[in-house]
Structures are given as structure tokens and as C-alpha cells.
Amino acid sequence: MRLLLDRDSGVPLYIQVKEQIRQFIEQGQWAPGSKIPTERSLAEALKVSRNTVSMAFQELEAEGVLVCQQGRGTFVADADETVRRESRRERLLRMVDMVIEEASTLGFSLEEFISMTTSRAKEKREIMSKVNIVLIECNREQVEYFARELAESVGVIIEPILLAQLEEDPDRYAPLLAKADIIVTTLFHLQSVRDIVGPGVEIIALALNPLLDSIVRIARLPEGSKVGIFSNSKLFADKMIASLRNAGILYLDFSLFLGSRPESELLEQIAQVDYLIASPNRRAQLAQLTDKDVIEFIYAPDQASIDQLQSTMLELKQKPKEAGVSQ
């Protein structure tokens, strides 16, 4: 039983590690509850960086396949094999079927069940629509993208604030923060945001992952290709390169092109490379100027972070109602 990596396949190494671990578990080679090799030992055996193995472990843990116990190690989740293989949609449908059966035993018709659940869902949506959320991030390219994506995911308007501007002029944003029910930031900036905002406001830290489609497309570029990274900030460009390195993409020749430039200068930069990687919102501009492949590199909140945000939104708005009833 060995993990075998194909370095010529174009599939990022951490994804290969992740999927082979999943196969071992699904095939019963690693039983539920059993301890698996450490990140360090797997990295040494596979001759990859520990970050590569760590990324695979983190995603499997987020999906409920692995359980990491501080000081003890990493274990296969002790869960039913069928449940583990089910998609989120299948699991939800299974729960709905169980509730329908329970409603039937209580004497409710299917029409009554539909009416009650529809009404209840509308109530929940109304609760969530009234939550005030502020998003604080360090990079303009990301903060605007996150605000749009999170707004679509949770169904509310999200006010974005740049961390640097908040640090420079906190009084300007004090009224907006005072109205916020929830403040959202990333794990990297959690402590900085806590220090500025202070106690009394719910703060949720998002875990971010580069979109798999971006990583896979970049991994399939020919070895030695000249790749231009077009970003408005060096911070975001450095973050992109670090993610690519962690994914085992070490065979491309990267050049950084930072900030907005006149069209003539952009054309000169584009001519220097074979492929282009664009930070959020830069792809459309670059695609109009070239026939070369332009890959948009996007970080997105993981599903667990979105689920946590939605759950917190409901809890915050339900508390006043519950307090009013108890009085």
C-alpha cells in the first residue's frame, strides 16, 4: 500500500495525495478510527514539502473524512461509509425524507408539510436579510470579490472595508462598525481586526482556498513556460505565488506585473510571457488585449466558513425574539 505521485500529470500534488488517501479509506485499507501516518512522514516518503501533505489533510478534515486530534495525531473519521460518500445535496435530501416521514406519523399531509416548510423558510430568509455584515480585508482586489461572493451565498448586502484604511482612520468607519451584527475577516487578519474592533461584536474568520479550477489550469501549463502574474498589489501577487509553490508548481517562470498601466505598456508586458495569471477583476481587461490564455486566480471561502456565517446570522437575530417571548 503506497501513495504514488505522477509529477507529469499536471494535477497538483496535494490533490493527488488527497484523492489517494480518500481511496485508501473508501477501499477499507485505512479503517474508521485508525491512525494514519503523520504529515512529516508522508512528506518524507513522497519527497514533497510538508505543506503539500498539510493542504491535503486540511481539505479532508474539512470534508469530514479525517479528524486531527491535538497531541495524538490524525485519524480516519469514525463515520458510516455511506454517509461519508454522500454529497451535501444527497445528505440533505435524506434528512428531508426523514422529516417527511416523521410529519406523516404526526398526522400532517404532504400539502401541509410543504406549506409549513415554505412558510418557515421565508421566515428564516427574512431573519437573515436583516443582518448587517461588514467585511474587512487587506487587499482591494479580494475585498470586493469576497463581498460579492458572500452576498450571493448568504443573501445579504455586505459592506467591504480595507484593513489599511480602517487602521489609518478608524473614526471614519466607527458608525458602520457600530451597526454591524457580524464582522467577517480572514484568519490571517483575525487578531488585527479584534484589536481594532474590540469586544462585543461577533467576528468570523474565513478559511480561504484557491479555487481548484485555477490551480489545475496552471498546473497543466508546459514546464518552463513564461507566465506573467498581473495584480494591482504585490501582496496579492506574492500570495498567489506562495499558493502555487505549496501546490507543487515549481516548474514555471513567473514574472510580476503590478499596478494598473496604460494599454501600450500592458501590451509590452503581455508580449514578454506565454501565459497570463490575473488577480480578481483583471481578467476581463487583459483578455480584451490578447488571444493568450488568461487564468483568473481566485481565493474563495471554504464551505465550512460559509455555513458558519449563515448559522451565526440566524442565531444573532433569533436571540432578541427568544428573549421577548420569555419575558
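For every residue, the table says whether it meets (1) in contact (Cβ under 8 Å) with a residue 40 or more places away in the chain; (2) among the β-branched types (Val, Ile, Thr).
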position	(1), (2)
Glu102	no, no
Lys122	no, no
Ile133	yes, yes
Arg148	no, no
Ile158	no, yes
For segment 83-93, state whether one or more residues are outside the structural domain of Gln23 (by TED's automatic domain parsing), modelled with pLDDT of 75 or more and not aromatic (Phe, Trp, Tyr).
-> yes
For Ala242, all conditions in the list (1) touching a Gly at 6+ places or on another chain (Cβ under 6 Å); (2) not in a strand (DSSP E or B) hold save one; what is the number of the exception?
-> (1)
From Val53, Val96, Val67, residue being over 30 Å from Ile182 (Cα atoms), modelled with pLDDT of 80 or more and not assigned by TED's automatic domain parsing to the domain that holds Ser231 = Val53
With respect to Phe146, determine if the residue is outside any loop (DSSP other than H, G, I, E, B), buried (at least 18 other Cβ atoms within 10 Å of the Cβ) and of a type outside the set (S, T, N, Q).
-> yes
Residues of segment 1-19 classified as surrounded by fewer than 17 Cβ atoms within 10 Å (Cβ to Cβ) and assigned to a helix (DSSP H, G or I), total | 1
Within segment 37-61, restricting to residues that are in contact (Cβ under 8 Å) with a residue 60 or more places away in the chain and outside any loop (DSSP other than H, G, I, E, B), the one that is surrounded by the fewest Cβ atoms within 10 Å (Cβ to Cβ) is Asn51
From the list Thr105, Thr38, Thr74, pick out the single residue that is in contact with a Cys (Cβ under 7 Å, 6 or more places away or on another chain) and modelled with pLDDT of 85 or more.
-> Thr74
Within segment 165-191, considering residues that are assigned to a helix (DSSP H, G or I) and touching a strand residue (DSSP E or B) at 6+ places or on another chain (Cβ under 8 Å), the one nearest to Ser305 (Cα to Cα) = Leu187
Mind telling me which of the residues Pro222, Pro199 ends up being exposed (fewer than 12 other Cβ atoms within 10 Å of the Cβ), in the same structural domain as Leu309 (by TED's automatic domain parsing) and assigned to a loop (DSSP other than H, G, I, E, B)?
-> Pro199
Determine, yes or no, whether Val65 is closer than 18 Å to Ile215 by Cβ and aliphatic (A, V, I, L, M).
-> no
Is it the case that some residue within segment 207-218 is crowded, with 16+ Cβ neighbours inside 10 Å and at pLDDT 85 or above?
-> yes
Six or more apart or on different chains, Cβ under 7 Å: which pairs go from a residue in segment 1-14 that's at pLDDT below 75 to one that's assigned to a loop (DSSP other than H, G, I, E, B)? Could you list them?
-> Met1/Gln29; Gly10/Arg220
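The values are calculated or read from the model by the stated rules, or taken from the named source; none is laboratory data. Since this is a predicted model, take the numbers as computed values, not measurements. FYI the Cβ positions are ideal-geometry reconstructions off the backbone, even for glycines, and counts take in every protein chain you see.
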